[in-house]
Amino acid sequence: MDYFEFRNGEMYAEDVSVLRLAERHGTPLYVYSRATLERHFRAFDDALAGLEHMVCYAVKANSNLAVLQTLARLGAGFDIVSGGELQRVLKAGGRADRVVFSGVGKSEDEIRFALESGIYCFNVESEYELELIDVTARLMGKRASIALRVNPDVDAKTHPYISTGLKNNKFGVDIATAEQLYLRAARMSGIEILGIASHIGSQLLEVSPFLDALDRVLALVRRLADAGITMRHIDVGGGLGVRYHDEKPIAPADWAAAIKPKFEGLPVRVLTEPGRAIAGNAGILVTRVLGIKGGEDKRFAIVDAAMNDLIRPTLYQAWMDIVPVVQQGEGRETQTYDIVGPICETGDWIGKDRALAIATDDLLAVRTAGAYGFTMASNYNSRPRAAEVMVDGDAETLIRARETFDDLVRGETLLP
Ligand SMILES: *Cc1c(COP(=O)(O)O)cnc(C)c1O
């Protein structure tokens, strides 16, 4: 459920006309709805009521400062995967003591910065990283709070690029050897064991992989308890899917209802790390049709957004809904188009074989583009990255100005 809807054939973001936003700020343009972000965050927070819990929004889904600020104001925690994301969270008013630091390749500098900032917990993904965090913490006269991110070896049944919980993925510590590593960690003077984490993938549409993973994690938690190592929290990760096409995503309430019984009688705090499910349909990408080409065999609508603005279609073969911002009945014939960008790559497409009644200069909205949209944008082909706007009721704020040529060449130098 989101707050992008049609009124008299024209798309609105909450109470603001998307057409007006495009006229004011140009295209390509990301538009976010504050109310949708709040709705989705609360869906998780409310669903876990009755359990001590913390909803840690996965920053990499959408890391615009205003998005983070919106969630920080609602009391969110944050799941980060880099020092840069930690800086963003702090700048946006997020609390360090509500931050968990995931990621397979944390550098020593990032570890030090996280320790200085006083983050809540490191999700440790390998033995060498555990050793590095231990040494770094001791040199700073601190103890680092950690959880091991275990790899429960379950199939999340999602696209291979966003599946992370199988044994042959690079993520986490093999659950079979995690017990040994916990025993080692317990003897490290720079380490304090806080909990256990797992995250098995993204865009999950079934609850069973979550339950399988949790069962394996809980079995390990009991073995560790027998060995005298008690968990203060269990981080069940993120990964709930959203609807792009005809998927039937799991509602946070249903997901919570399924996992809650497993925590009965366990005095632990529950953490979760949703990204896509909070930000996904809180955003659209608005683009203008530059021109139409082709004929009977194949028709292309060339638009001003490209794979550098939104890489999901070409990277994950993702289907994203594309709709005209203004539904114009007259003078428009429905034809089948490939919606493609201006970039010099055959892979530069946003949608294929779409039946649309469109013409040059029309505005299109790519829906459910709020997660893994702007954050994965690049400057390929020297294209400035898009502007971003946040709508709140009938108010709008430009939360990121469109990049300029000077932005593109900042830091570059000509030879003497
Ligand atoms: C990406 C990521 C998430 C968020 O995944 P979503 O599918 O966006 O919910 C959560 N935890 C970790 C460790 C991640 O890498």
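Exactly one residue among Ala176, Ala137 is open to solvent by 10 Å² or more (accessible area, probe 1.4 Å) and without any contact (Cβ under 8 Å) to a residue 60 or more places away in the chain, and that residue is Ala176. For the range 288-317, the set of residues classified as within 24 Å of Glu388 (Cα to Cα), in a loop (DSSP other than H, G, I, E, B) and open to solvent by 10 Å² or more (accessible area, probe 1.4 Å) consists of Asp304, Met307, Ile311, listed by residue number.
Considering the range 62-78, and only residues there that are open to solvent by 10 Å² or more (accessible area, probe 1.4 Å) and within 16 Å of the ligand (Cβ to nearest atom), the residue that is farthest from the chain's Cα centre (by Cα) turns out to be Asn64. Listed by position, the helices (runs of 4 or more DSSP H) enclosed by the range 1-94 that each have at least 2 residues that are over 30 Å from Asp362 (Cα atoms) are 34-47, 65-73, 83-91. Anything in the range 245-294 that is farther than 22 Å from Leu356 by Cβ, of a type in the set (Val, Ile, Thr) and either within 14 Å of the ligand (Cβ to nearest atom) or under 23 Å from the mean Cα position of the chain (by Cα) (or both)? List them, or say none. Ile250, Ile259, Val270, Thr272, Ile278, listed by residue number.
Among the residues of the range 140-156, those that are open to solvent by less than 30 Å² (accessible area, probe 1.4 Å) and out of contact with any Cys (no Cβ under 6 Å at 6 or more places or on another chain) comprise Ala144, Ile146, Leu148, Arg149, Val150, Asn151, Pro152, Val154, Ala156. Here Glu273 meets the list (1) out of contact with any Leu (no Cβ under 9 Å at 6 or more places or on another chain); (2) open to solvent by 40 Å² or more (accessible area, probe 1.4 Å); (3) within 17 Å of Val55 (Cα to Cα); (4) not aliphatic (A, V, I, L, M) almost entirely, failing just condition (2).
Taking residues in the range 214-230 that are over 17 Å from Arg187 (Cα atoms) and not assigned by TED's automatic domain parsing to the domain that holds Leu183, and partners anywhere that are open to solvent by 10 Å² or more (accessible area, probe 1.4 Å) and in a helix (DSSP H, G or I), not one pair has Cβ atoms closer than 9 Å while being at least 6 places apart or on different chains.
The values are calculated or read from the model by the stated rules, or taken from the named source; none is laboratory data. Predicted, not measured: the structure shown is a model, and the values here were computed from it. As a convention, Cβ positions derive from the backbone with ideal geometry for all residues, glycine included, and neighbour counts pool all protein chains shown. The protein model used for the area step is the full one, side chains on, heavy atoms only, and it has no ligands, DNA or RNA in it. Shrake-Rupley method; radii C 1.70, N 1.55, O 1.52, S 1.80 Å.
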